[in-house]
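Note sheet for the following structure.
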2 protein chains.
Amino acid sequence: MVNRQYLEMLGRKSVIRELSEYATERAKEIGSENIYDFSLGNPSVPAPEAFRAALIRISEEMDPLALHGYSPTVGNPVVKQRIAESLNHRFGMNYGPQHIFPVSGATGAIAHAVRAVAEPGEEVIVSAPFFPEYIPYINGTGAQIRIIPASFEDFQIRFDLLEEAICEKTAAVMINSPNNPSGVVCSEETLTKLADLLTRKSAELGRNIFLISDEPYREIVFDHQSVPYPARFYDHTLTCYSFSKALSIPGERFGYVAVNPAAEHAEDLVPMFGQISRGIGHNCPSSLIQLAVSEVLEETADLSVYEINMNLLYDCFKELGFEVIRPDGTFYIMPKALPEADGNVDSGAFCRKALKYDLVFVPADGFGAPGYFRIAYCVETEVVKRAIPVIRKFVKEEYKR
Amino acid sequence: MVNRQYLEMLGRKSVIRELSEYATERAKEIGSENIYDFSLGNPSVPAPEAFRAALIRISEEMDPLALHGYSPTVGNPVVKQRIAESLNHRFGMNYGPQHIFPVSGATGAIAHAVRAVAEPGEEVIVSAPFFPEYIPYINGTGAQIRIIPASFEDFQIRFDLLEEAICEKTAAVMINSPNNPSGVVCSEETLTKLADLLTRKSAELGRNIFLISDEPYREIVFDHQSVPYPARFYDHTLTCYSFSKALSIPGERFGYVAVNPAAEHAEDLVPMFGQISRGIGHNCPSSLIQLAVSEVLEETADLSVYEINMNLLYDCFKELGFEVIRPDGTFYIMPKALPEADGNVDSGAFCRKALKYDLVFVPADGFGAPGYFRIAYCVETEVVKRAIPVIRKFVKEEYKR
């Protein structure tokens, strides 16, 4: 007999995956140049040349026993030291190597962070809009996700709702900045208010509420902005990072959890992550990949295409009269769908109609943003340029704009 | 507040790790040539040159977007196909790519296999001697490990005890062949009896009991023996494999679960592993490592040193009058400790006395073999040769042999 829970999960398909599979099939029929696939968040620019060079040089020069041997459960100390130093000088932190835990991407980071601070049955509060995989990531730990609705004016946190939601079962609040799907960055003002609220509520409850900050898009920001570093604002912060997006290496599965040295149990948390790994199947990343990335920590792929694409799409949707917030970063934008003939907004109907024009948008209802849709513009700019007249045609014909 | 369960685990240190740390410290004091560290199962021979060549060639030639991009949750189809073909022609199986699930090593394999076939509260039966990490690996899933004592004559399974242990809570039986710590291979006779028992008990209970076969040492066998492939004997078999030991690449974290196509729910199990990954933090291995290994699937590191070391140690212990079974494979041997002055056998006392001679052996009580000790001879042969007179001296002085 097999486990019924996982067997039953097979029936429930992800909307993103379904649309992406549809787009792949459709491309085979009509040619990939005729389908505008904005469904998946897969980086579209190559990893930096320096990463390739590091892979080759390390493979050529290093003793294979040292290179491919076991690294300690809590990670390669040289790699941890380099990550700590980079974060310290970029964000004014004071991490030591003992505060850095290498993991196989942001998913692995969240798997460790949530288990370390939440007991089974406790809650992790997430503000919409949010990446829908947070639900299995958090609920899979035995803790429970608790979602508070979005602030649709600016996609910052609704503090009135957050304050109401925090209770004795609250283990952590999780944020995602820059945000998938909205592209919005948590402002300094938001982070300051969040830290104040968490500090006050922690005191009231007599337990420290942790902040889990999921930041895989940290390096993809526009207008030369810098993203405020959440751990600077609140002591009890676990920073979850993945190199997938900035270095364009999602298949290589490497990220980290960084424990703020001022957090409760700061010196215990990385060893606890090591214990958690034993029960969930050890998420240690490849030793070659750890070493190669540690040599290019402050490089990124050429991310400029995302800003170019964002501006083209933002201007297009704005001009067509959509409600849309200009993203601060990521490679996503999330406009509100246009109302149907009956005056109601239905993002599912909107995206189905777009599909007739071979425009693949994802309804954002599952992201906690009913009525909105997500566009992943990690594609070549040429695709965006060709898509824009198609979007105009679609909107004109279907919505009379 | 942090999770109390994981915090409390920090207090409990692994005996192997403690001894290995002691050996590392002691080597700094007296020189590494004067310490005989047999504590850790870390391969001592380099990865094959062909693996290095594959890493370099793939990094040089492949489009970085294709190479480092996301692979599907259930693994790179090219890699899965190659693994299936290799298993099919080596072991007469008929796996398709849909039966292969790439994971980050044997730990990840077990994490998926147990979750897929056991509901929380159900039992996975393991025959001693066994790798002690099985306890957190299995209990971490919500299922419970149930250990049956070893057959100390031959370290095969005690079928009388196994039959008694199987009950309506039994989800799976887990075997490890070649075995860590004994080095013994499950014989064809054992596998035939096991298959018969599982078939009969499954019919009685009205549910199929799965066999989880953990085989990271499959390629390290002596006397040109071949290891019987457990999935050939029983349909409902999940084969857990890691490339760590045969290719000497434990740091690269790559293995697989292979689902016997004749197993119950054979076509569902790999998609179920994909679902399990979401909750435990996705154990997908690095895409570069997957591709490079898939080009050297039938190569191994030069494993001959392990057989040379085994023979030297086996002859030494035999000559000194130890009870010891000659290993069929792995890089472990597990003799019985000599009796103390009071006639009792105490492997802890034995290993502590050995430490005075800078011989680092591990008491095997935690492996379900009280009174025995494990020697990991994945070291240079020269170390074994220098250790042998020291072992003689230790045994003569401390045990008057």
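The values are calculated or read from the model by the stated rules, or taken from the named source; none is laboratory data. The structure presented is a predicted model; accordingly, all values stated were derived computationally and were not measured. Positions of Cβ are backbone-derived with ideal geometry, glycine not excepted, and every protein chain shown enters the neighbour counts.
Observations on the model:
- Considering region B:114-136, and only residues there that are under 15 Å from the mean Cα position of the chain (by Cα) and of a type in the set (Gly, Ala, Ser), the residue that is surrounded by the most Cβ atoms within 10 Å (Cβ to Cβ) turns out to be B:127.
- Elements of type helices (runs of 4 or more DSSP H) contained in region A:11-75, each with 1 or more residues being facing chain B (nearest Cβ under 9 Å), within 23 Å of the chain's Cα centre (by Cα) and not charged (D, E, K, R): A:49-61
- Cβ-Cβ under 8 Å pairs, at least 6 apart or on other chains, region A:372-386 side among the basic types (Lys, Arg), far side assigned to a helix (DSSP H, G or I): A:374/A:367; A:385/A:312; A:386/A:33
- Selection status of residue B:360, more than 16 Å from residue B:155 (Cβ to Cβ), buried (at least 20 other Cβ atoms within 10 Å of the Cβ), β-branched (Val, Ile, Thr) and modelled with pLDDT of 95 or more: yes
- Scanning region A:136-151 for residues that are free of Cβ contacts under 8 Å to residues at least 40 places away in the same chain and within 23 Å of residue A:336 (Cβ to Cβ), we see that the one that is nearest to the other protein chains (Cβ to nearest Cβ) is A:148.
The rows are residues; the columns are (1) within 30 Å of residue A:7 (Cβ to Cβ); (2) within 14 Å of chain A (Cβ to nearest Cβ); (3) in a helix (DSSP H, G or I).
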position: B:279; (1), (2), (3): yes, yes, yes
position: B:302; (1), (2), (3): no, yes, no
position: B:350; (1), (2), (3): no, no, yes
position: B:355; (1), (2), (3): no, no, yes
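- Residue list for region A:1-47, restricted to those being more than 28 Å from residue A:247 (Cα to Cα) and of a type in the set (D, E, K, R): A:4, A:8, A:12, A:13, A:25, A:26, A:28, A:29
- Among the residues of region B:249-271, those that are within 7 Å of chain A (Cβ to nearest Cβ) and either basic (Lys, Arg) or closer than 15 Å to residue B:72 by Cβ (or both) comprise B:253, B:271.
Results for (1) without any contact (Cβ under 8 Å) to a residue 40 or more places away in the chain; (2) buried (at least 21 other Cβ atoms within 10 Å of the Cβ); (3) touching a Gly at 6+ places or on another chain (Cβ under 9 Å); (4) part of a helix (DSSP H, G or I), shown as yes or no for each residue.
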site	(1), (2), (3), (4)
A:241	no, yes, yes, no
A:251	yes, yes, yes, yes
A:257	no, yes, yes, no
A:262	yes, no, no, no
A:272	no, yes, no, yes
A:276	no, yes, yes, yes
A:292	no, yes, no, yes
A:298	no, no, no, no
A:325	no, no, yes, no
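- There is no residue in region B:302-314 that is more than 23 Å from residue B:210 (Cβ to Cβ), free of Cβ contacts under 8 Å to residues at least 40 places away in the same chain and buried (at least 24 other Cβ atoms within 10 Å of the Cβ).
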